[in-house]
Amino acid sequence: MKSAHVVSEDSDLFEKFASMLAENGGHRTPDMAQLVDAEGRMLTVFAMTSDEWLAELQLPPETPERTVGRPPVSPLSSLTACTVECRWETVFVSWVQRLAQQSSADVWVLDGDDVLWASDQLDADGLRL
């Protein structure tokens, strides 16, 4: 499965993402939420503890390979993260942008190429899940 990390200064990031999916026909557990759209495309969000996120960042390097859009003011290690699995970049981008519109804090995506994307700059053709 293809995946990326969604990160934010919002400590309720997973809860907001999971609730948004559930409100749109998805289902959730305390640490996972999943939505299958009308075309059968699935998006799954997993909660991450701060220890899990820090462990992910220890896989070289902590700093992204490059940043698209405005970077976070805080270091990545201090942000809240969740993992999102999806095979369709367009579906992934659409849901992350919806989350960002509903969030009171900025949202970024750290993709499979270690590129950090500001949510308003996400490009389904350039993003690597």
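Six or more apart or on different chains, Cβ atoms under 8 Å: show the pairs whose first residue is in region 59-75 and within 17 Å of residue 10 (Cα to Cα) and whose second is at pLDDT 90 or above and not hydrophobic (A, V, I, L, M, F, W, C).
70/106; 72/9; 72/106; 74/9
Out of the residues in region 71-129 meeting the condition of being farther than 18 Å from residue 26 by Cβ and among the acidic types (Asp, Glu), tell me which one is farthest from the chain's Cα centre (by Cα).
Selected residue: 125.
Looking at the structure I just gave you, is residue 10 among the acidic types (Asp, Glu) and surrounded by 17 or more Cβ atoms within 10 Å (Cβ to Cβ)?
Considered against the rule, which asks whether it is among the acidic types (Asp, Glu) and surrounded by 17 or more Cβ atoms within 10 Å (Cβ to Cβ), residue 10 comes out as yes.
For region 90-107: of the residues being touching a residue at least 60 places away in the same chain (Cβ under 8 Å) and open to solvent by 10 Å² or more (accessible area, probe 1.4 Å), which is nearest to residue 44 (Cα to Cα)?
Within region 90-107, the match that is nearest to residue 44 (Cα to Cα) is 95.
Looking only at region 52-66, count every residue that is modelled with pLDDT of 75 or more and either part of a loop (DSSP other than H, G, I, E, B) or within 15 Å of the chain's Cα centre (by Cα) (or both) and tell me the total.
The qualifying residues number 6.
Report, by residue number, each residue of region 13-31 that is within 13 Å of the chain's Cα centre (by Cα) and without any contact (Cβ under 8 Å) to a residue 60 or more places away in the chain.
15, 18
Out of all the residues in region 89-125, which are in a loop (DSSP other than H, G, I, E, B) and either touching a helix residue (DSSP H, G or I) at 6+ places or on another chain (Cβ under 9 Å) or closer than 21 Å to residue 16 by Cα (or both)?
103, 104, 105, 106, 111, 122, 123, 124, 125, listed by residue number.
The values are calculated or read from the model by the stated rules, or taken from the named source; none is laboratory data. Because the structure is a prediction, the values reported are computed rather than measured. As a convention, Cβ positions derive from the backbone with ideal geometry for all residues, glycine included, and neighbour counts pool all protein chains shown. SASA here: full protein model, heavy atoms, side chains in, ligands and nucleic acids out. Shrake-Rupley method; radii C 1.70, N 1.55, O 1.52, S 1.80 Å.
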